[in-house]
Amino acid sequence: MLVCKQNIDMGVCPLFYSAPSSVQDALAVLKSSRPRIIAGGTDFFPSQRAGCQDRNLLDLTRIEGFRGITQTASGWRIGAATTWTDIVKAPLPAAFDALKQAALEVGSIQIQNRGTLAGNICNASPAADGLPPLLALEAEVEIVSSDNRRRVPLSHFVTGVRKIDLAADELVEAIHIPTLPGDMTSAFAKLGSRKYLVISIVMVAANMQVRNGVVHQVRIAGGACSPVAQRLPALEALVQGMAVADLGVLDLGDDALFAPLSPIADVRGSAAYRTRAVAELCRRSLMQAATGGETIWTNV
Ligand SMILES: Cc1cc2nc3c(=O)[nH]c(=O)nc-3n(C[C@H](O)[C@H](O)[C@H](O)COP(=O)(O)OP(=O)(O)OC[C@H]3O[C@@H](n4cnc5c(N)ncnc54)[C@H](O)[C@@H]3O)c2cc1C
(Lines give C-alpha, C1' and ligand atoms only; values in the text may rest on other atoms or scores of the structure.)
Protein backbone atom coordinates (compact mmCIF):
# COMPACT_ATOMS: atom_id res chain seq x y z
CA MET A 1 0.00 0.00 0.00
CA LEU A 2 1.32 3.40 -0.95
CA VAL A 3 1.07 5.67 2.08
CA CYS A 4 2.23 9.25 2.16
CA LYS A 5 2.22 11.35 5.33
CA GLN A 6 3.24 14.92 4.99
CA ASN A 7 3.37 17.79 7.43
CA ILE A 8 3.30 20.76 5.18
CA ASP A 9 4.25 23.91 7.06
CA MET A 10 2.39 26.30 4.83
CA GLY A 11 -0.52 27.08 7.06
CA VAL A 12 -2.45 24.03 5.87
CA CYS A 13 -3.33 20.80 7.67
CA PRO A 14 -1.25 17.63 7.53
CA LEU A 15 -1.89 15.42 4.51
CA PHE A 16 -2.48 11.70 4.75
CA TYR A 17 -2.78 9.93 1.42
CA SER A 18 -3.11 6.18 0.99
CA ALA A 19 -3.41 4.18 -2.20
CA PRO A 20 -3.90 0.53 -1.22
CA SER A 21 -3.56 -2.34 -3.66
CA SER A 22 -6.22 -4.54 -2.05
CA VAL A 23 -9.84 -3.85 -1.20
CA GLN A 24 -9.29 -5.29 2.29
CA ASP A 25 -6.60 -2.67 2.99
CA ALA A 26 -8.82 0.06 1.56
CA LEU A 27 -11.71 -0.98 3.80
CA ALA A 28 -9.43 -1.10 6.84
CA VAL A 29 -8.25 2.46 6.15
CA LEU A 30 -11.86 3.54 5.58
CA LYS A 31 -12.97 2.04 8.87
CA SER A 32 -10.09 3.35 10.96
CA SER A 33 -9.61 6.91 9.73
CA ARG A 34 -12.74 7.82 7.70
CA PRO A 35 -10.80 9.37 4.78
CA ARG A 36 -12.34 11.03 1.76
CA ILE A 37 -12.44 8.57 -1.15
CA ILE A 38 -11.02 9.66 -4.49
CA ALA A 39 -10.68 7.94 -7.85
CA GLY A 40 -9.75 10.24 -10.76
CA GLY A 41 -10.17 13.30 -8.53
CA THR A 42 -11.75 15.28 -11.38
CA ASP A 43 -14.82 16.15 -9.32
CA PHE A 44 -13.06 16.13 -5.97
CA PHE A 45 -10.14 18.52 -6.60
CA PRO A 46 -12.10 21.29 -8.37
CA SER A 47 -14.56 21.20 -5.44
CA GLN A 48 -11.72 22.04 -2.99
CA ARG A 49 -11.77 25.69 -3.91
CA ALA A 50 -9.62 27.29 -1.20
CA GLY A 51 -6.85 24.70 -1.27
CA CYS A 52 -7.34 21.08 -0.30
CA GLN A 53 -9.76 20.99 2.64
CA ASP A 54 -10.04 17.21 2.89
CA ARG A 55 -6.54 16.29 4.04
CA ASN A 56 -7.09 12.57 4.50
CA LEU A 57 -7.46 10.86 1.13
CA LEU A 58 -8.03 7.25 0.12
CA ASP A 59 -7.18 6.67 -3.55
CA LEU A 60 -8.96 3.61 -5.03
CA THR A 61 -7.22 3.56 -8.39
CA ARG A 62 -4.46 1.06 -7.48
CA ILE A 63 -6.73 -1.63 -6.08
CA GLU A 64 -6.38 -4.88 -7.95
CA GLY A 65 -9.52 -5.73 -9.93
CA PHE A 66 -11.00 -2.26 -9.61
CA ARG A 67 -10.16 -1.18 -13.15
CA GLY A 68 -11.69 -2.72 -16.24
CA ILE A 69 -14.85 -4.24 -17.68
CA THR A 70 -15.52 -7.97 -17.57
CA GLN A 71 -18.35 -10.19 -18.74
CA THR A 72 -19.84 -12.25 -15.91
CA ALA A 73 -22.40 -15.06 -15.71
CA SER A 74 -25.11 -12.47 -15.03
CA GLY A 75 -24.00 -9.63 -17.31
CA TRP A 76 -21.16 -7.13 -17.17
CA ARG A 77 -19.02 -5.78 -14.32
CA ILE A 78 -17.47 -2.32 -14.54
CA GLY A 79 -14.84 -1.89 -11.80
CA ALA A 80 -14.97 1.30 -9.74
CA ALA A 81 -11.65 2.60 -11.10
CA THR A 82 -12.70 2.18 -14.74
CA THR A 83 -12.20 5.44 -16.62
CA TRP A 84 -14.30 6.92 -19.38
CA THR A 85 -11.51 6.13 -21.84
CA ASP A 86 -11.52 2.49 -20.71
CA ILE A 87 -15.24 2.39 -21.53
CA VAL A 88 -14.74 3.89 -24.99
CA LYS A 89 -11.96 1.41 -25.80
CA ALA A 90 -13.72 -1.70 -24.45
CA PRO A 91 -15.22 -4.15 -26.94
CA LEU A 92 -18.85 -4.00 -25.79
CA PRO A 93 -22.17 -4.86 -27.45
CA ALA A 94 -24.29 -2.20 -29.13
CA ALA A 95 -26.44 -1.83 -26.00
CA PHE A 96 -23.45 0.07 -24.52
CA ASP A 97 -23.21 2.57 -27.39
CA ALA A 98 -25.06 5.23 -25.37
CA LEU A 99 -22.59 4.85 -22.51
CA LYS A 100 -19.67 5.07 -24.94
CA GLN A 101 -21.17 8.12 -26.59
CA ALA A 102 -21.62 9.76 -23.18
CA ALA A 103 -18.00 8.89 -22.31
CA LEU A 104 -16.79 10.66 -25.45
CA GLU A 105 -18.64 13.81 -24.44
CA VAL A 106 -17.42 14.00 -20.83
CA GLY A 107 -15.13 17.02 -20.46
CA SER A 108 -12.01 16.58 -22.58
CA ILE A 109 -9.76 13.63 -23.38
CA GLN A 110 -7.68 14.43 -20.27
CA ILE A 111 -10.81 14.25 -18.08
CA GLN A 112 -11.90 11.03 -19.83
CA ASN A 113 -8.46 9.52 -19.11
CA ARG A 114 -8.67 10.28 -15.35
CA GLY A 115 -12.37 10.43 -14.49
CA THR A 116 -14.24 7.26 -13.61
CA LEU A 117 -17.81 6.16 -14.18
CA ALA A 118 -18.16 5.26 -10.48
CA GLY A 119 -16.87 8.72 -9.48
CA ASN A 120 -19.47 10.25 -11.78
CA ILE A 121 -22.38 8.46 -10.10
CA CYS A 122 -20.99 8.89 -6.55
CA ASN A 123 -20.65 12.62 -7.13
CA ALA A 124 -24.40 12.59 -7.86
CA SER A 125 -24.60 15.77 -9.90
CA PRO A 126 -27.97 16.26 -11.66
CA ALA A 127 -25.87 16.81 -14.82
CA ALA A 128 -23.81 13.60 -14.48
CA ASP A 129 -23.63 12.25 -18.04
CA GLY A 130 -23.16 8.66 -16.91
CA LEU A 131 -26.52 8.37 -15.20
CA PRO A 132 -29.03 8.22 -18.11
CA PRO A 133 -27.09 5.52 -20.03
CA LEU A 134 -26.67 3.48 -16.84
CA LEU A 135 -30.37 3.82 -15.97
CA ALA A 136 -31.24 2.62 -19.47
CA LEU A 137 -28.91 -0.35 -18.88
CA GLU A 138 -30.70 -1.03 -15.54
CA ALA A 139 -27.37 -0.84 -13.71
CA GLU A 140 -26.81 -1.97 -10.14
CA VAL A 141 -24.17 -0.68 -7.75
CA GLU A 142 -22.05 -3.09 -5.71
CA ILE A 143 -21.13 -1.64 -2.34
CA VAL A 144 -18.68 -3.09 0.20
CA SER A 145 -17.66 -2.40 3.77
CA SER A 146 -15.46 -4.51 6.03
CA ASP A 147 -18.62 -6.20 7.40
CA ASN A 148 -21.00 -6.30 4.49
CA ARG A 149 -21.50 -6.47 0.73
CA ARG A 150 -24.72 -5.33 -0.96
CA ARG A 151 -26.14 -4.45 -4.37
CA VAL A 152 -28.50 -1.55 -4.98
CA PRO A 153 -30.27 -0.59 -8.22
CA LEU A 154 -28.71 2.64 -9.50
CA SER A 155 -32.19 4.19 -9.43
CA HIS A 156 -32.13 3.81 -5.62
CA PHE A 157 -28.42 4.52 -5.10
CA VAL A 158 -28.54 8.18 -6.14
CA THR A 159 -31.11 9.69 -3.80
CA GLY A 160 -30.79 13.43 -4.49
CA VAL A 161 -28.47 16.22 -5.50
CA ARG A 162 -25.02 15.10 -4.23
CA LYS A 163 -26.74 12.41 -2.15
CA ILE A 164 -26.09 8.69 -2.43
CA ASP A 165 -26.99 5.61 -0.44
CA LEU A 166 -23.49 5.00 0.95
CA ALA A 167 -22.43 4.77 4.61
CA ALA A 168 -19.17 6.25 5.87
CA ASP A 169 -17.50 2.83 6.06
CA GLU A 170 -18.62 1.76 2.57
CA LEU A 171 -17.21 2.21 -0.91
CA VAL A 172 -18.45 1.36 -4.38
CA GLU A 173 -16.54 -1.61 -5.76
CA ALA A 174 -18.27 -2.04 -9.12
CA ILE A 175 -21.22 -1.24 -11.34
CA HIS A 176 -23.10 -4.23 -12.74
CA ILE A 177 -25.16 -4.38 -15.92
CA PRO A 178 -27.57 -7.33 -16.06
CA THR A 179 -27.44 -9.56 -19.14
CA LEU A 180 -28.72 -7.70 -22.21
CA PRO A 181 -30.58 -9.00 -25.25
CA GLY A 182 -28.05 -9.51 -28.06
CA ASP A 183 -30.03 -7.35 -30.47
CA MET A 184 -30.39 -4.35 -28.12
CA THR A 185 -29.10 -1.05 -29.51
CA SER A 186 -28.70 2.31 -27.81
CA ALA A 187 -28.03 6.00 -28.35
CA PHE A 188 -27.16 9.08 -26.28
CA ALA A 189 -27.90 12.72 -27.02
CA LYS A 190 -26.43 15.63 -25.05
CA LEU A 191 -27.29 19.30 -25.34
CA GLY A 192 -24.70 21.79 -24.12
CA SER A 193 -23.78 25.33 -25.01
CA ARG A 194 -20.88 23.88 -27.05
CA LYS A 195 -19.71 20.41 -28.06
CA TYR A 196 -16.92 19.66 -25.54
CA LEU A 197 -15.96 20.71 -22.01
CA VAL A 198 -19.51 21.58 -21.23
CA ILE A 199 -22.03 20.78 -18.53
CA SER A 200 -25.17 19.22 -19.96
CA ILE A 201 -28.31 21.31 -20.25
CA VAL A 202 -30.21 18.13 -21.06
CA MET A 203 -29.11 14.61 -21.95
CA VAL A 204 -31.03 11.49 -22.92
CA ALA A 205 -30.12 7.83 -23.34
CA ALA A 206 -32.28 5.24 -25.09
CA ASN A 207 -31.91 1.46 -25.33
CA MET A 208 -34.11 -0.44 -27.73
CA GLN A 209 -34.91 -3.79 -29.27
CA VAL A 210 -36.59 -3.74 -32.66
CA ARG A 211 -38.30 -6.81 -34.12
CA ASN A 212 -39.85 -6.81 -37.60
CA GLY A 213 -39.78 -3.03 -37.75
CA VAL A 214 -41.61 -2.63 -34.44
CA VAL A 215 -40.25 -1.43 -31.08
CA HIS A 216 -40.22 -4.60 -29.00
CA GLN A 217 -38.57 -3.16 -25.87
CA VAL A 218 -37.49 0.36 -25.00
CA ARG A 219 -35.84 2.07 -22.05
CA ILE A 220 -35.34 5.80 -22.04
CA ALA A 221 -33.85 8.06 -19.38
CA GLY A 222 -33.37 11.82 -19.14
CA GLY A 223 -30.83 13.81 -17.14
CA ALA A 224 -30.25 17.42 -16.01
CA CYS A 225 -34.03 17.92 -15.86
CA SER A 226 -34.60 16.78 -12.26
CA PRO A 227 -32.49 16.43 -9.10
CA VAL A 228 -31.64 12.87 -10.20
CA ALA A 229 -31.77 11.48 -13.76
CA GLN A 230 -34.94 9.45 -14.35
CA ARG A 231 -36.41 6.73 -16.56
CA LEU A 232 -39.47 7.97 -18.46
CA PRO A 233 -42.14 5.25 -18.05
CA ALA A 234 -44.99 7.07 -19.84
CA LEU A 235 -42.84 7.68 -22.91
CA GLU A 236 -41.60 4.09 -22.83
CA ALA A 237 -45.22 2.86 -22.75
CA LEU A 238 -46.11 5.07 -25.72
CA VAL A 239 -43.16 3.95 -27.83
CA GLN A 240 -43.38 0.24 -27.01
CA GLY A 241 -45.12 -1.52 -29.91
CA MET A 242 -44.77 1.43 -32.30
CA ALA A 243 -43.52 1.01 -35.84
CA VAL A 244 -39.96 2.36 -36.11
CA ALA A 245 -41.07 4.27 -39.23
CA ASP A 246 -43.43 6.32 -37.02
CA LEU A 247 -40.80 7.48 -34.50
CA GLY A 248 -39.89 10.52 -36.59
CA VAL A 249 -43.44 11.86 -36.36
CA LEU A 250 -44.03 10.87 -32.73
CA ASP A 251 -46.22 13.48 -31.01
CA LEU A 252 -44.21 14.52 -27.94
CA GLY A 253 -46.30 17.58 -27.09
CA ASP A 254 -47.78 16.15 -23.88
CA ASP A 255 -45.57 17.06 -20.88
CA ALA A 256 -46.99 14.06 -18.99
CA LEU A 257 -44.82 11.87 -21.22
CA PHE A 258 -41.77 13.27 -19.44
CA ALA A 259 -42.86 12.63 -15.86
CA PRO A 260 -41.11 12.39 -13.43
CA LEU A 261 -38.80 15.07 -14.87
CA SER A 262 -39.16 18.52 -13.32
CA PRO A 263 -36.86 20.91 -15.22
CA ILE A 264 -35.64 24.00 -13.43
CA ALA A 265 -34.34 27.31 -14.77
CA ASP A 266 -30.66 28.11 -14.22
CA VAL A 267 -27.81 29.91 -15.99
CA ARG A 268 -27.76 27.21 -18.67
CA GLY A 269 -31.42 27.34 -19.69
CA SER A 270 -35.01 28.05 -18.70
CA ALA A 271 -37.39 25.32 -17.56
CA ALA A 272 -39.43 25.78 -20.77
CA TYR A 273 -36.31 25.44 -22.93
CA ARG A 274 -35.30 22.25 -21.10
CA THR A 275 -38.82 20.84 -21.52
CA ARG A 276 -38.68 21.35 -25.29
CA ALA A 277 -35.08 20.17 -25.50
CA VAL A 278 -35.69 16.94 -23.64
CA ALA A 279 -38.55 16.08 -26.02
CA GLU A 280 -36.36 16.67 -29.06
CA LEU A 281 -33.44 14.72 -27.59
CA CYS A 282 -35.79 11.84 -26.80
CA ARG A 283 -36.93 11.77 -30.42
CA ARG A 284 -33.35 11.85 -31.73
CA SER A 285 -32.02 9.19 -29.40
CA LEU A 286 -35.01 6.91 -30.04
CA MET A 287 -34.53 7.23 -33.80
CA GLN A 288 -30.78 6.69 -33.53
CA ALA A 289 -31.23 3.63 -31.31
CA ALA A 290 -33.89 2.26 -33.67
CA THR A 291 -31.58 2.47 -36.64
CA GLY A 292 -28.65 0.88 -34.80
CA GLY A 293 -26.82 4.18 -34.28
CA GLU A 294 -24.42 5.95 -36.57
CA THR A 295 -21.79 7.00 -34.07
CA ILE A 296 -18.16 7.01 -35.15
CA TRP A 297 -15.64 6.73 -32.29
CA THR A 298 -13.05 9.26 -33.32
CA ASN A 299 -11.01 10.64 -30.47
CA VAL A 300 -9.22 7.63 -28.94
C1 LIG B 1 -13.02 20.20 -16.80
C2 LIG B 1 -14.05 19.19 -16.36
C3 LIG B 1 -15.02 18.81 -17.24
C4 LIG B 1 -16.00 17.87 -16.85
N5 LIG B 1 -16.96 17.51 -17.76
C6 LIG B 1 -17.93 16.63 -17.39
C7 LIG B 1 -18.95 16.28 -18.31
O8 LIG B 1 -18.98 16.69 -19.46
N9 LIG B 1 -19.90 15.41 -17.87
C10 LIG B 1 -19.90 14.89 -16.60
O11 LIG B 1 -20.78 14.11 -16.27
N12 LIG B 1 -18.93 15.22 -15.72
C13 LIG B 1 -17.94 16.07 -16.08
N14 LIG B 1 -16.97 16.42 -15.17
C15 LIG B 1 -17.00 15.86 -13.83
C16 LIG B 1 -16.10 14.63 -13.61
O17 LIG B 1 -15.01 14.60 -14.48
C18 LIG B 1 -16.86 13.29 -13.75
O19 LIG B 1 -17.99 13.30 -12.92
C20 LIG B 1 -15.96 12.11 -13.43
O21 LIG B 1 -16.55 10.93 -13.93
C22 LIG B 1 -15.71 11.94 -11.93
O23 LIG B 1 -14.91 10.78 -11.74
P24 LIG B 1 -13.62 10.82 -10.78
O25 LIG B 1 -13.06 9.44 -10.76
O26 LIG B 1 -12.68 11.89 -11.18
O27 LIG B 1 -14.31 11.16 -9.39
P28 LIG B 1 -13.62 11.77 -8.08
O29 LIG B 1 -13.45 13.24 -8.23
O30 LIG B 1 -12.42 10.98 -7.70
O31 LIG B 1 -14.78 11.46 -7.02
C32 LIG B 1 -16.05 12.07 -7.16
C33 LIG B 1 -16.88 11.75 -5.91
O34 LIG B 1 -17.20 10.38 -5.85
C35 LIG B 1 -16.65 9.76 -4.68
N36 LIG B 1 -16.15 8.47 -5.13
C37 LIG B 1 -15.38 8.23 -6.23
N38 LIG B 1 -15.21 6.90 -6.39
C39 LIG B 1 -15.88 6.30 -5.37
C40 LIG B 1 -16.10 4.94 -5.00
N41 LIG B 1 -15.59 3.92 -5.73
N42 LIG B 1 -16.81 4.68 -3.89
C43 LIG B 1 -17.34 5.70 -3.16
N44 LIG B 1 -17.20 7.00 -3.47
C45 LIG B 1 -16.47 7.30 -4.56
C46 LIG B 1 -15.60 10.73 -4.16
O47 LIG B 1 -15.49 10.66 -2.75
C48 LIG B 1 -16.16 12.06 -4.60
O49 LIG B 1 -17.14 12.50 -3.68
C50 LIG B 1 -15.97 17.33 -15.54
C51 LIG B 1 -14.96 17.73 -14.65
C52 LIG B 1 -14.01 18.65 -15.05
C53 LIG B 1 -12.94 19.05 -14.07
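The values are calculated or read from the model by the stated rules, or taken from the named source; none is laboratory data. Because the structure is a prediction, the values reported are computed rather than measured. Every residue, glycine among them, receives a Cβ derived from its backbone with ideal geometry; neighbour counts consider all protein chains shown. These area figures cover heavy atoms from the full protein model, side chains too; ligands, DNA and RNA do not enter into them. Shrake-Rupley method; radii C 1.70, N 1.55, O 1.52, S 1.80 Å.
Near residue 176, within a Cβ-to-Cβ distance under 15 Å, what is the net charge of the other residues, with Lys and Arg +1 and Asp and Glu -1?
So the environment of residue 176 carries a net charge of 0.
Quick one: work out Rg over Rh on the C-alpha atoms of the chain, Rh as Kirkwood radius.
Radius of gyration over Kirkwood radius for the chain works out to 0.99.
Quick one: longest stretch of the chain between exposed loop GluC sites (Glu not before Pro), exposed meaning at most 11 other C-beta atoms within 10 Å and loop per DSSP?
Free of exposed loop sites, the longest segment is 65-293.
Would region 180-300 count as rounded, prolate or oblate if I go by the C-alpha gyration tensor, calling it rounded below 1.5 in a/c and otherwise prolate when a/b exceeds b/c, oblate otherwise?
Oblate, since a/c reaches 1.5 and b/c is not below a/b.
Starting from the 7 Å offset along Cα-to-Cβ, what nm value, one decimal, do you get for the label separation of residue 47 and residue 212?
Each label point lies 7 Å from its Cα, and together they span 5.1 nm.
Assign unit charges at the C-beta atoms only (+1 for Lys and Arg, -1 for Asp and Glu), then state the dipole size of the chain relative to its Cα centre in Debye, rounded to the nearest 20.
Dipole about the Cα centre, nearest 20: 520 debye.
Report the rotationally averaged projected area of region 199-263 based on its alpha-carbon convex hull, in square nanometres.
It is 4.5 nm².
How much mean residue ellipticity at 222 nm does the chain get from its helices, if each DSSP H run of length 4 or more adds -39500 (n - 2.57) and you divide by all residues, to the nearest 500 deg cm²/dmol?
Mean residue ellipticity at 222 nm (helix-derived): -7000 deg cm²/dmol.
Counting other Cβ atoms within 10 Å of each Cβ, which chymotrypsin sites (Phe, Trp or Tyr not before Pro) in region 193-300 have at most 11 and sit in a DSSP loop?
Passing both the DSSP loop test and the Cβ count: no residue.
Enter the accessible area per residue of the chain (Å², integer; probe 1.4 Å; all protein chains in place).
I get 46 Å² per residue for this part.
According to the square roots a ≥ b ≥ c of the eigenvalues of the Cα gyration tensor, what is the shape class of region 74-203, taking rounded for a/c under 1.5, prolate for a/b larger than b/c otherwise, and oblate for the remainder?
Cα axes put region 74-203 in the oblate bin.
So, counting K/R as plus one and D/E as minus one, what does the shell of residues with Cβ under 13 Å around residue 81 add up to?
Counting the neighbours of residue 81, the net charge comes to 0.
Binning every alpha carbon pair distance of region 145-198 at 5 Å from zero, what are the percents per bin?
In order of increasing distance, the bins hold 4, 11, 16, 14, 16, 16, 13, 6, 1, 0 percent.
Mind running the shape call on region 13-90? Use the C-alpha gyration tensor, a ≥ b ≥ c as the square roots of the eigenvalues: rounded below 1.5 for a/c, prolate if a/b tops b/c, oblate otherwise.
Oblate, because a/c is 1.5 or more while a/b does not exceed b/c.
Which percent of the accessible heavy-atom area of region 213-293 goes to carbon and sulfur, probe 1.4 angstrom?
Accessible surface attributable to carbon and sulfur in region 213-293 totals 58 percent.
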